[in-house]
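Everything below concerns the one structure shown next.
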Amino acid sequence: LVTIAEPTEAAPRGGRTVFFVVEADRVRLAELVKLVREGSLRVLVGSRYPLAEVPTAFGSGRRGGGKPIIVID
């Protein structure tokens, strides 16, 4: 279980928890956007899932390349 919101008391059976802080870096994000637009960096997008299907999106039986995209309306 990985969380960026706050440390958790939850402990997955047979797993561990990790908490880390992510700080946005506008300059570095802009560089990534530029590379994507230039075609120098390719983003592998997988299937799109609605928020209600997050367990399916990240389930162990998931196949295919690319990162699953969670669509929040």
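The values are calculated or read from the model by the stated rules, or taken from the named source; none is laboratory data. If you're wondering where the values come from, they're calculated on a predicted model, not measured in any experiment. Every residue, glycine as well, gets a Cβ built from its backbone with ideal geometry; the counts of neighbours run over all protein chains shown. With ligands, DNA and RNA removed, areas are computed over all heavy atoms of the protein, side chains included. Shrake-Rupley method; radii C 1.70, N 1.55, O 1.52, S 1.80 Å.
Here are the numbers for this structure:
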read-out	value
Test: residue in segment 49-59 that is hydroxyl-bearing (Ser, Thr, Tyr), part of a helix (DSSP H, G or I) and on the phi < 0 side of the Ramachandran plot	yes
Some residue of segment 20-39 being assigned to a strand (DSSP E or B) and surrounded by 10 or more Cβ atoms within 10 Å (Cβ to Cβ)	no
Options 14, 61, 65, 46; residue that is open to solvent by less than 60 Å² (accessible area, probe 1.4 Å) and out of contact with any Phe, Trp or Tyr (no Cβ under 6 Å at 6 or more places or on another chain)	46
Among (1) at pLDDT below 85; (2) open to solvent by 70 Å² or more (accessible area, probe 1.4 Å), the one test that residue 51 misses	(1)
